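Single-structure report; data block below.
The values are calculated or read from the model by the stated rules, or taken from the named source; none is laboratory data. Remember, predicted model here, so these are calculated numbers, not experimental data. Note: ideal-geometry Cβ built from the backbone for every residue, glycine included; neighbour counts use all protein chains shown.
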Amino acid sequence: MTSERPNLMPRTGIFYHPSFSQRSYLTVGRRLAAFPDALRDLLALPQVVLFEPQPVSDELILKVHTPDLIREVAKDPL
Amino acid sequence: MVAAAERIWLGELINAFAFIGAGGHHAGRDFFGGYCCFNDVSIAIERLREVHGLRRVAILDTDAHHGDGTRDIYRDDPAVLHVCLCGSDYASSDGTKVDVAIHRLCWEAGARSDEVYLEAAEAAFAPRARTFCPDLLVWYFGFDGHRGDYGDLGLTAACYNGLVGLTLALADQVCSGRLLVVLGGGSRADLASSLIPPIIARLADAAR
């Protein structure tokens, strides 16, 4: 997924993960079904770079949220 | 989100658009809801603060609903400017937390809702951002206020085109162009396909 093009700055990053198109924002579920195909023309531009985000650590999440919130999110059926 | 913010901060990118799997702005320190789990923007901010020395961030939230989670996390933090266009009307004593009651204004504006929304966003955010001098500008972009979506404010693509122009210009003025656009609410696949690529195209134009 990542297609970095070094030495072309400044650049625009697009951060997208395929899972977002499978089970995206939960009000409807697949609002991003057309992606990443809908980005094809943009990704052909030399200054546009696509990245696939990776999970962050619980340690970082705990800088913002409480341990209880992490536990409750993990239990949420959504 | 974290990776996008870091790459902007490190100068590898000038701007970025971050898609999401679940929302973020309704997740507070110890509560979540509204299809949000973790406050992605706040987690990115804390990473930049801790590791990279970020000082000040300005957030424009144009999701149709109040960013109550973000507000909860930064309620007493004067280093975060949070301007939210939503259903309430509020300004903190230090001026860094502002809500604009845009719902009524748009409903009253009818066919002029795009124009009214843009004017309100610019009036509430632009002068504050210029005074605040952030290191990074974040636009929390929801399209749920588009005509026919679940937060319908009568908005069209013209409004979002105006908002990306506003945030790009402000980022250029106040923080060397560093702009992170974060996808928020909005449910319709046809709107996502028609609204998101033009916004990224504007970001890319600014990066040439």
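Odds and ends about this structure:
- Of all residues in segment B:1-34, those that are farther than 19 Å from B:Cys175 by Cα, without any contact (Cβ under 8 Å) to a residue 24 or more places away in the chain and touching a Leu at 6+ places or on another chain (Cβ under 6 Å) total 1.
Listed here are the residues, each with its yes/no results for (1) at pLDDT 95 or above; (2) more than 7 Å from chain B (Cβ to nearest Cβ); (3) under 13 Å from B:Ala22 (Cβ atoms); (4) not in a loop (DSSP other than H, G, I, E, B).
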| residue | (1), (2), (3), (4) |
| --- | --- |
| A:Thr2 | no, yes, no, no |
| A:Gly13 | yes, no, no, yes |
| A:Gly29 | no, yes, yes, no |
| A:Leu32 | no, no, yes, no |
| A:Leu50 | yes, yes, no, yes |
| A:Glu59 | yes, yes, no, yes |
| A:His65 | yes, no, no, no |
| A:Asp68 | yes, no, no, yes |
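- Looking only at segment B:139-177, and only at residues there that are of a type in the set (S, T, N, Q) and surrounded by fewer than 24 Cβ atoms within 10 Å (Cβ to Cβ), the one that is farthest from B:Val116 (Cα to Cα): B:Ser176
- Failed condition for B:Gly24, given (1) at pLDDT 95 or above; (2) among the small types (Gly, Ala, Ser); (3) under 25 Å from A:Ser21 (Cα atoms): (1)
- Top-ranked residue in segment B:36-46 [being of a type in the set (Val, Ile, Thr) and farther than 21 Å from A:Leu32 by Cα; ranked as farthest from the other protein chains (Cβ to nearest Cβ)]: B:Ile45
- Set side by side, the residues B:Asp77, B:Asp114 differ, and just one is assigned to a helix (DSSP H, G or I), over 17 Å from B:Ala3 (Cα atoms) and not hydrophobic (A, V, I, L, M, F, W, C), which is B:Asp114.
- Residues that are among the basic types (Lys, Arg) and over 16 Å from B:Ile102 (Cβ atoms) were ranked within segment B:38-72; the one that is surrounded by the fewest Cβ atoms within 10 Å (Cβ to Cβ) is B:Arg55.
- Within segment B:118-171, tally of residues that are under 11 Å from B:Thr62 (Cβ atoms) and small (Gly, Ala, Ser): 7
- Among the conditions (1) in contact (Cβ under 8 Å) with a residue 12 or more places away in the chain; (2) surrounded by 17 or more Cβ atoms within 10 Å (Cβ to Cβ); (3) over 14 Å from A:Pro18 (Cβ atoms); (4) not charged (D, E, K, R), the only one that A:Ile61 does not satisfy is (1).
- Looking only at segment B:181-194, and only at residues there that are touching a Leu at 6+ places or on another chain (Cβ under 9 Å) and within 9 Å of another protein chain (Cβ to nearest Cβ), the one that is farthest from B:Ala22 (Cα to Cα): B:Ser193
- Of all residues in segment B:1-35 being among the charged types (D, E, K, R) and either closer than 18 Å to A:Ile70 by Cα or touching a helix residue (DSSP H, G or I) at 6+ places or on another chain (Cβ under 6 Å) (or both), the one that is farthest from the other protein chains (Cβ to nearest Cβ): B:Arg29
- Here B:Arg188 fulfils each of the conditions (1) farther than 22 Å from A:Ala44 by Cβ; (2) within 17 Å of the chain's Cα centre (by Cα) apart from (2).
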